[in-house]
Amino acid sequence: MGSILIFEILGKIAAEKLGEHMTSSGFGNNILGMLYGSGATGNMQWNLPLWFIPCLFVTLLIFYPIEAMLRKKKTLSPVVLSFFLVLSFLNFYVLKKKTLPFGLETAIYLIPFFVLGYLAKNFRSRKSLC
């Protein structure tokens, strides 16, 4: 909330000093953008990198039941990995959803990497790093 206020007040002053024209979507739209959690809507100009926090949260929520399932049956990992790779492909090339809430479209792309990371955690290096 503080960064929205700073952006609304100091952003206009900085834009004037730099001779730039700044269009703000307004305080209310910025609050809605913060609650929606997607930078693609254009309502998070005040602090665009914050899209990552709700996206990570949603990714972890999606991965939690997948991890439980993989813990019980390790043989399902290629199926889960393939499913999310196909889902990512479909979203990128067919559905083209770019502004889902909480970065859900990005979370779909991240799940295969979470699965690979989960599977890779069991592999240990032959040499220790120390």
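Only the coordinates and a few stated rules stand behind these numbers; no lab work does. Because the structure is predicted, anything quoted here is derived from the model rather than measured. Because the Cβ atoms are built from the backbone with ideal geometry, glycine has one as well, and the counts that use them run over all protein chains shown.
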Q. Whole-Hz Karplus ³J(HN,Hα) for the stretch 62-69, in order, using 6.51 cos²θ - 1.76 cosθ + 1.60 and θ = phi - 60°, x for Gly and Pro?
A. 5, 6, 4, x, 5, 5, 4, 5
Q: May I ask for the net charge around LYS74, where only other residues with Cβ less than 14 Å from the Cβ of LYS74 are counted and Lys, Arg are +1 while Asp, Glu are -1?
A: +3
Q: Taking a cut-off of 17 Å between Cα atoms, list the aspartates and glutamates near LYS17, but don't count ones fewer than 8 places away on the same chain.
A: GLU8
Q) If the limit is 25 Å between Cα atoms, which of LYS72/LYS121; LYS12/LYS98; LYS73/LYS121 go over it? A) LYS12/LYS98
